[in-house]
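Colleague: A single structure is presented below for examination.
The values are calculated or read from the model by the stated rules, or taken from the named source; none is laboratory data. Everything numeric here is computed off the predicted structure, so don't read it as measured data. Every residue, glycine among them, receives a Cβ derived from its backbone with ideal geometry; neighbour counts consider all protein chains shown.
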Amino acid sequence: MSSWLPLLSLNHVTSSANAAAPGAVHDLSCDIAPGELLSLIGPPGAGKTRLLQLIAGVTLPDTGAILLNGAPMTRAPLHRRRIAAVFPDHRLIPGMSLADMLTGPLHMRGIPAADHPAHIATLLTLIGLPDGADPHAPALRPRALLARALATNPTLLLLDNFFAGLDRATRQTLAHDLRALHRHLGITIIHATHDHAEALSLSDRIAVLAAGTLRQLDTPQAVYDTPASALVATFLGDNNALAGIVETIEDDLATIRLACGPVIEALPIDVTPGDLCVVTIRPERIAAAPLPPEDMGESALPATFAALHFHGDHQQLHLRLGAPPAPLLVKRPAGLPLQAFAPDEPASVAWRPHDARAYPR
């Protein structure tokens, strides 16, 4: 257990869904460290927005407690909690300049008017907004919303689907700048997103939510490499999911008979012999070759090549494994030649047993 004291603690928080506020949170507990950038990720309706609303104080929990610096948040009025948020429904006032939209928050915080220009200039420089920029321009609007949220120097910033609607290049630049801003200010950020690549590259830790429950909370690499369940494994990044049944478990490996026929080995995760299971293997952990299995290696399996898709930085090979055939996705670096593969021709695939994980089905 680490020695840090949490900035924010959620203790068995539950909030029911209703027509006005869809999504729900069920018995959720976690601690967020000071200065942490935590991403909430999950499918629509997972409870991400509801959780941010609870932390912001917009919605009160049905049961449980939310503590800020060890004290119940309900004891402090909203304006004293030093929490700022940017939600998708937040708008800028048409025609208002950057300086004008930041003056209000500064006045509420009690900063003397004489100090406003210097404070605004520093903030805009940090956020990457040039002097005189149009805050209503689509590419700059997120930065203007961010500037308004940070004007009061909050200790906790909540962002809900902050990068939505931006083109890829703008998203990547803004994400890089947000990470630099987070490090510079030492602010704690909780960021909700549907985008797994965004969460993996941006976060100190990732919280995976589904149906209002917390399924895993860990570093990006741990969540990606050692997902706690088949749901996490298949949601966070591309993954193959093969149905099977556990035949035996010996030492740290299970023998699995796949529904498509082959017998393989995999790490058993909460399964016992006789259990139906789902075996997951990341596509970048699979080797594929237009060779007979005996020429590829002892653990190679016969497959059939189906298609090749080029994705710029990598290539995706689509194969069929066993009978009835199960689809299998393989990723390879873009520079590797693949001219020997042909549609509907035999191929072989192989992976290390410890790269496959068997979960309950």
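Colleague: Let me spell it out: the conditions are (1) modelled with pLDDT of 90 or more; (2) within 23 Å of Gln53 (Cβ to Cβ); (3) among the charged types (D, E, K, R), and Asp177 meets all of them except one. Which number is the exception?
Modeller: (2)
Colleague: From the list Asp167, Asp177, Asp238, Asp204, which residue is at negative phi and without any contact (Cβ under 8 Å) to a residue 40 or more places away in the chain?
Modeller: Working: Asp177 fails: without any contact (Cβ under 8 Å) to a residue 40 or more places away in the chain; Asp238 fails: without any contact (Cβ under 8 Å) to a residue 40 or more places away in the chain; Asp204 fails: without any contact (Cβ under 8 Å) to a residue 40 or more places away in the chain.
After applying the criteria, what remains is Asp167.
Colleague: Right, next: Under the condition of being surrounded by fewer than 18 Cβ atoms within 10 Å (Cβ to Cβ) and modelled with pLDDT of 85 or more, which residue from segment 67-86 is nearest to Asn161 (Cα to Cα)?
Modeller: Arg82
Colleague: So, in segment 288-302, exactly how many residues are buried (at least 16 other Cβ atoms within 10 Å of the Cβ) and under 25 Å from Tyr224 (Cβ atoms)?
Modeller: Qualifying residue count for the region: 2.
Colleague: Scan segment 28-59 for residues that are in contact with a Ser or Thr (Cβ under 9 Å, 6 or more places away or on another chain), free of Cβ contacts under 8 Å to residues at least 40 places away in the same chain and not in a strand (DSSP E or B) and jot them down.
Modeller: Answer for segment 28-59, where residues must be in contact with a Ser or Thr (Cβ under 9 Å, 6 or more places away or on another chain), free of Cβ contacts under 8 Å to residues at least 40 places away in the same chain and not in a strand (DSSP E or B): Gln53, Gly57.
Colleague: Can you find, within segment 49-64, the residue that is modelled with the highest pLDDT among those that are over 17 Å from Thr188 (Cβ atoms) and touching a Leu at 6+ places or on another chain (Cβ under 8 Å)?
Modeller: Gly64
Colleague: Got a sec? Which of Pro130, Pro142, Pro154, Pro138 is part of a loop (DSSP other than H, G, I, E, B), of a type outside the set (S, T, N, Q), in contact with a strand residue (DSSP E or B) (Cβ under 9 Å, 6 or more places away or on another chain) and more than 26 Å from Ala17 (Cα to Cα)? It would help to see each step written out before you state the result.
Modeller: On the way: Pro130 fails: in contact with a strand residue (DSSP E or B) (Cβ under 9 Å, 6 or more places away or on another chain); Pro142 fails: part of a loop (DSSP other than H, G, I, E, B); Pro138 fails: in contact with a strand residue (DSSP E or B) (Cβ under 9 Å, 6 or more places away or on another chain).
Answer to the selection: Pro154.
Colleague: Out of all the residues in segment 337-345, is one or more touching a Phe, Trp or Tyr at 6+ places or on another chain (Cβ under 9 Å), buried (at least 18 other Cβ atoms within 10 Å of the Cβ), without any contact (Cβ under 8 Å) to a residue 40 or more places away in the chain and more than 24 Å from Val232 (Cβ to Cβ)?
Modeller: Within segment 337-345, not a single residue is touching a Phe, Trp or Tyr at 6+ places or on another chain (Cβ under 9 Å), buried (at least 18 other Cβ atoms within 10 Å of the Cβ), without any contact (Cβ under 8 Å) to a residue 40 or more places away in the chain and more than 24 Å from Val232 (Cβ to Cβ).
Colleague: Here is a follow-up. Between residues in segment 317-332 that are touching a residue at least 40 places away in the same chain (Cβ under 8 Å) and residues that are surrounded by 17 or more Cβ atoms within 10 Å (Cβ to Cβ) and among the small types (Gly, Ala, Ser), which pairs lie under 6 Å by C-beta distance while being six or more apart or on different chains?
Modeller: Going by the 6 Å Cβ cut-off, the qualifying pairs are Leu321/Ala303; Val330/Ala288.
Colleague: Also: Out of (1) modelled with pLDDT under 95; (2) more than 15 Å from Trp351 (Cα to Cα), the odd one out for Leu217 is which?
Modeller: Unmet for Leu217, out of (1) modelled with pLDDT under 95; (2) more than 15 Å from Trp351 (Cα to Cα): (1).
Colleague: Let me ask something else. Does any residue of segment 333-346 turn out to be under 25 Å from the mean Cα position of the chain (by Cα) and modelled with pLDDT under 95?
Modeller: Yes, segment 333-346 contains a residue that is under 25 Å from the mean Cα position of the chain (by Cα) and modelled with pLDDT under 95.
Colleague: Regarding segment 172-179, can at least one residue be identified that is out of contact with any Ser or Thr (no Cβ under 9 Å at 6 or more places or on another chain), within 30 Å of Ser9 (Cβ to Cβ) and crowded, with 17+ Cβ neighbours inside 10 Å?
Modeller: Yes.
Colleague: As an exercise: evaluate Glu247 against (1) of a type outside the set (A, V, I, L, M); (2) crowded, with 18+ Cβ neighbours inside 10 Å; (3) farther than 30 Å from Asp195 by Cβ; (4) touching a residue at least 12 places away in the same chain (Cβ under 8 Å) and give the number of the one condition it does not meet.
Modeller: Of the numbered conditions (1) of a type outside the set (A, V, I, L, M); (2) crowded, with 18+ Cβ neighbours inside 10 Å; (3) farther than 30 Å from Asp195 by Cβ; (4) touching a residue at least 12 places away in the same chain (Cβ under 8 Å), the odd one out for Glu247 is (2).
Colleague: Moving to a separate point now. Given Ala222, Ala254, which one is modelled with pLDDT of 95 or more and out of contact with any strand residue (DSSP E or B) (no Cβ under 8 Å at 6 or more places or on another chain)?
Modeller: Answer to the check: Ala222.
Colleague: Moving to a separate point now. Would you mind stating whether Thr280 is crowded, with 17+ Cβ neighbours inside 10 Å, assigned to a strand (DSSP E or B) and either out of contact with any Asp or Glu (no Cβ under 7 Å at 6 or more places or on another chain) or at pLDDT below 90 (or both)?
Modeller: For Thr280, the condition - crowded, with 17+ Cβ neighbours inside 10 Å, assigned to a strand (DSSP E or B) and either out of contact with any Asp or Glu (no Cβ under 7 Å at 6 or more places or on another chain) or at pLDDT below 90 (or both) - is met.
Colleague: Right, another one. Here is a check on your reading of the model: is Thr173 within 16 Å of the chain's Cα centre (by Cα) and within 18 Å of Phe163 (Cβ to Cβ)? Step through it out loud before you land on a result.
Modeller: Details: within 16 Å of the chain's Cα centre (by Cα): no; within 18 Å of Phe163 (Cβ to Cβ): yes.
Spelling it out, it is not the case that Thr173 is within 16 Å of the chain's Cα centre (by Cα) and within 18 Å of Phe163 (Cβ to Cβ).
Colleague: While we're on this one: Any residue in segment 306-318 that is in the same structural domain as Val246 (by TED's automatic domain parsing), surrounded by 12 or more Cβ atoms within 10 Å (Cβ to Cβ), polar (S, T, N, Q) and under 16 Å from Cys260 (Cβ atoms)?
Modeller: For segment 306-318, residues in the same structural domain as Val246 (by TED's automatic domain parsing), surrounded by 12 or more Cβ atoms within 10 Å (Cβ to Cβ), polar (S, T, N, Q) and under 16 Å from Cys260 (Cβ atoms): absent.
Colleague: What do you reckon, is Leu328 touching a helix residue (DSSP H, G or I) at 6+ places or on another chain (Cβ under 6 Å) and either hydroxyl-bearing (Ser, Thr, Tyr) or within 24 Å of Val223 (Cα to Cα) (or both)?
Modeller: For Leu328, the condition - touching a helix residue (DSSP H, G or I) at 6+ places or on another chain (Cβ under 6 Å) and either hydroxyl-bearing (Ser, Thr, Tyr) or within 24 Å of Val223 (Cα to Cα) (or both) - is not met.
Colleague: Further question: If I filter segment 39-56 for residues that are farther than 24 Å from Leu202 by Cα and within 25 Å of the chain's Cα centre (by Cα), do I get at least one hit?
Modeller: Looking for residues that are farther than 24 Å from Leu202 by Cα and within 25 Å of the chain's Cα centre (by Cα), one finds none in segment 39-56, hence no.
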